[in-house]
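What follows is a set of notes on a single structure, which appears directly below.
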Amino acid sequence: MFTGLYRILKLSFQDIGRNIWLSIVTITILILALFSINSLFTVQIISQNAIEAVKSKVDINLYLENNAEEAEILELKSQLEIMPEVKEVNYVSQQEALSSFREQNEKNPEIIQALRELGKNPLSPSLIILPENADNTDVLIANLKAYQSDIIESRDFNDNTVILEKINNITDNVNQVGMVIIAIFILTSLLVVYNSIRVAIYTHRREINIMRLVGASTNFIYMPFIVSALIYSLVSVIVIVALFYPFLTLLQPYLEVFFMGYNVDIVNYFTTHFWSIFGIEFLIVALINIMASLIAVKRYAKV
């Protein structure tokens, strides 16, 4: 068994060595295909994080009358909290609103001076409402528009639907283009692997004839070419891992700036899901290469 395995591996590496440039081209095509797949997967992860970031920022503000009593405000807060669409209601008093406003504009002396000259707190108390499910924000907004209370002065509904639709549209367009590119690379990979095995069979045509004459089994004649396809797959996955992680490392600082305040770590995601991502990719690439190899062997090896 070990002698047979050794001979199969030896023949496989001989195939690769004798057609080294064709082998390099084959591996390069596979690397480009894998890079496209991983790039598309990265875009999907980033878009999902962007959608979650926008959804987490969805809030609804109810601005209350300045003369509203504390008890009335807390009563309104309690009534809103029992709504099934509401996750949380935060009360911001006049003083808290003023303190927050001053902190936000501490580098703008003109605004601070205007507050001092005004001599009173111009800001209103408010209730900040967080939806239970961002996907049902429209229902909550409709209910709050219909909700009547004498102490509600105005309502501010931040509609993030447009932003979410734009993110989804961009993601869908990228996915469509990416799928076309991936399909082209997969087809190209099939043709290149098929041609590589065909050339290898032609190079080994004398050995194949001798193996037939001495009674070698069909599997033994097939296996070196199948193993060559597996080697192409393994090398391409190893190289894409070596190339893609530096790419992710360069991308990570930009993601941290874009998603400031959120834990978006694309490098950690790929590391955590290493085997599920690259393991599955190896299996898919290996399956494609084996199919191309079998087609070439059955056609040209005449076994």
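The values are calculated or read from the model by the stated rules, or taken from the named source; none is laboratory data. Not measured: the values here are computed from a predicted model. Methodologically, a virtual Cβ is constructed for each residue, glycine included, from the backbone with ideal geometry; neighbour enumeration extends over all protein chains shown.
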Practice item. Select from region 267-287 the residues that are touching a helix residue (DSSP H, G or I) at 6+ places or on another chain (Cβ under 7 Å), within 15 Å of Ile37 (Cβ to Cβ) and not acidic (Asp, Glu) and list them in ascending order. Key: Phe270, Ile277, Phe278, Phe282, Val285, Ala286
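Here's the yes/no breakdown for (1) among the polar types (S, T, N, Q); (2) closer than 19 Å to Asp156 by Cα; (3) surrounded by fewer than 17 Cβ atoms within 10 Å (Cβ to Cβ):
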residue: Leu62; (1), (2), (3): no, yes, no
residue: Glu65; (1), (2), (3): no, yes, yes
residue: Glu69; (1), (2), (3): no, no, yes
residue: Glu72; (1), (2), (3): no, no, yes
residue: Lys77; (1), (2), (3): no, yes, yes
residue: Met83; (1), (2), (3): no, yes, no
residue: Val86; (1), (2), (3): no, yes, no
residue: Val89; (1), (2), (3): no, yes, no
Check your understanding: modelled with pLDDT of 80 or more, surrounded by 15 or more Cβ atoms within 10 Å (Cβ to Cβ) and part of a helix (DSSP H, G or I): does that describe Val43?
Key -> yes
Practice item. Would you be able to tell me the number of residues in region 99-139 that are assigned to a helix (DSSP H, G or I), in contact with a strand residue (DSSP E or B) (Cβ under 9 Å, 6 or more places away or on another chain) and loosely packed, with under 14 Cβ neighbours inside 10 Å? Key: 1
Review point. Residues of region 116-133 being free of Cβ contacts under 8 Å to residues at least 60 places away in the same chain, over 13 Å from Gln94 (Cβ atoms) and within 47 Å of the chain's Cα centre (by Cα), which ones?
Key: Glu132, Asn133
Check your understanding: Are there any pairs, at least 6 apart or on different chains, whose C-beta atoms fall under 7 Å, with the first in region 275-290 and over 18 Å from Val192 (Cα atoms) and the second surrounded by fewer than 18 Cβ atoms within 10 Å (Cβ to Cβ) and of a type in the set (A, V, I, L, M), and if so, which?
Key -> Phe278/Val241
Review point. Of the numbered conditions (1) under 30 Å from Ile51 (Cα atoms); (2) touching a residue at least 40 places away in the same chain (Cβ under 8 Å); (3) in contact with a Leu (Cβ under 9 Å, 6 or more places away or on another chain), Tyr91 satisfies every one except a single condition; which is it?
Key: (2)
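Quick grid of which residues meet (1) closer than 30 Å to Gln14 by Cβ; (2) surrounded by 18 or more Cβ atoms within 10 Å (Cβ to Cβ); (3) of a type in the set (Gly, Ala, Ser); (4) modelled with pLDDT of 85 or more:
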| site | (1), (2), (3), (4) |
| --- | --- |
| Val237 | yes, yes, no, yes |
| Pro253 | no, no, no, yes |
| Glu256 | no, no, no, no |
| Asp265 | no, no, no, no |
| Phe270 | no, yes, no, yes |
| Ile284 | yes, no, no, yes |
| Ile288 | yes, yes, no, no |
| Ser293 | yes, yes, yes, no |
Revision key, fill the gap. Among (1) in the same structural domain as Tyr245 (by TED's automatic domain parsing); (2) closer than 16 Å to Asp156 by Cα, Gln44 falls short only on (2)
Check your understanding: Can you tell which of Ala97, Ala114 is of a type outside the set (Asp, Glu), modelled with pLDDT of 75 or more and not assigned by TED's automatic domain parsing to the domain that holds Asp172?
Key -> Ala97
Revision key, fill the gap. Selection over region 46-92 where residues are hydroxyl-bearing (Ser, Thr, Tyr) and either modelled with pLDDT under 85 or farther than 16 Å from Ile129 by Cα (or both) yields a count of 3
